[in-house]
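Trainee: Structure incoming, see below.
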Amino acid sequence: MRLVSQHTSVPVPEVLFKSFGPDYGYINMTLIPGMPLEKKWDKLDDETKRSVCRQIWDLILEIRTVQPPVELKGLFQCAADGSPTRDPLIEDLQEPARPLKSDSELRDRIYERYLHFGGRRFESQLPDMLPRSDSSVFTHADIAPRNIMVDEQNKITGILDWEYAGWYPDYWEYAQIMRPCFSGRLVNVDGSDSTANLGSQWDKCC
């Protein structure tokens, strides 16, 4: 959050105090005014939804301008502090975690995790299905209605939950946004549905 506040005008909580240890960690930060977009989305008309989506995209474009420090230039994907990501799609199965230095290494990691957790339905197709990009940009990686605060006029007042933020392929934010955001369709690792009721309005608008 400090990195974003230093280099952009994106509204984020201000970190007041932090403390971390081997088996604990906590951060004290300022409150963002407003309410989560998740609580308002279904009640908004189409034009207001489009307005909110445009605001979100403008903020994403600004977030993407954050450049990695010199010491991280050799990494294609990493967390904001240069540490290995905790994103469940690409978290390393090995210890210590291997750095991801290219898009091909990132795709190999996704495929490795898919097979490790029992994925078989798309075993032969998945390598060709995954997006490709040589461009790595700073990414929130969890843009969803629950993490977007808006005021009474539906203006965005803040973006929350930066635990997965870091440098990712330039398609990553879009791919994460297009995942179901509410209590809709959840897909098991083998590709089967675990729930029904796809909440698709967010997908259609954004």
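The values are calculated or read from the model by the stated rules, or taken from the named source; none is laboratory data. Predicted, not measured: the structure shown is a model, and the values here were computed from it. Backbone-built Cβ (ideal geometry, glycine too); neighbour counts: all protein chains shown.
Trainee: Just to check your reading of the model, which residue among R113, R120, R64, R50 is within 30 Å of V150 (Cβ to Cβ) and touching an Asp or Glu at 6+ places or on another chain (Cβ under 8 Å)?
Mentor: Going through R113, R120, R64, R50 in turn, just one is within 30 Å of V150 (Cβ to Cβ) and touching an Asp or Glu at 6+ places or on another chain (Cβ under 8 Å): R64.
Trainee: Next question. I'm trying to understand the selection: among the residues of region 133-157, which are among the small types (G, A, S) and buried (at least 19 other Cβ atoms within 10 Å of the Cβ)?
Mentor: If the condition is that a residue be among the small types (G, A, S) and buried (at least 19 other Cβ atoms within 10 Å of the Cβ), then S136, A141, A144 are the ones that fit.
Trainee: In addition: Does E62 satisfy the condition of being free of Cβ contacts under 8 Å to residues at least 60 places away in the same chain, part of a helix (DSSP H, G or I) and more than 25 Å from D103 (Cα to Cα)?
Mentor: no
Trainee: Quick check on my filter: what residues within region 31-51 are in contact with a Cys (Cβ under 8 Å, 6 or more places away or on another chain) and surrounded by 12 or more Cβ atoms within 10 Å (Cβ to Cβ)?
Mentor: E38, K49, R50
Trainee: Let me ask you something else. Please work out which one of (1) assigned to a loop (DSSP other than H, G, I, E, B); (2) over 16 Å from V137 (Cβ atoms); (3) in contact with a Lys or Arg (Cβ under 9 Å, 6 or more places away or on another chain) is the condition I27 fails and give its number.
Mentor: (1)
Trainee: Return yes or no: is L75 loosely packed, with under 13 Cβ neighbours inside 10 Å and in contact with a Lys or Arg (Cβ under 9 Å, 6 or more places away or on another chain)?
Mentor: It is false that L75 is loosely packed, with under 13 Cβ neighbours inside 10 Å and in contact with a Lys or Arg (Cβ under 9 Å, 6 or more places away or on another chain).
Trainee: Among the strands (runs of 3 or more DSSP E) confined wholly to region 68-172, which include 1 or more residues that are in contact (Cβ under 8 Å) with a residue 60 or more places away in the chain and more than 12 Å from the chain's Cα centre (by Cα)?
Mentor: 136-139, 148-150, 156-159
Trainee: Evaluate the following for P13: is it modelled with pLDDT of 90 or more, under 21 Å from the mean Cα position of the chain (by Cα) and surrounded by 15 or more Cβ atoms within 10 Å (Cβ to Cβ)?
Mentor: yes
Trainee: Among the residues of region 173-192, what is the count of those that are in contact with a helix residue (DSSP H, G or I) (Cβ under 7 Å, 6 or more places away or on another chain), surrounded by 14 or more Cβ atoms within 10 Å (Cβ to Cβ) and either at pLDDT 50 or above or not in a loop (DSSP other than H, G, I, E, B) (or both)?
Mentor: Selection size over region 173-192: 1.
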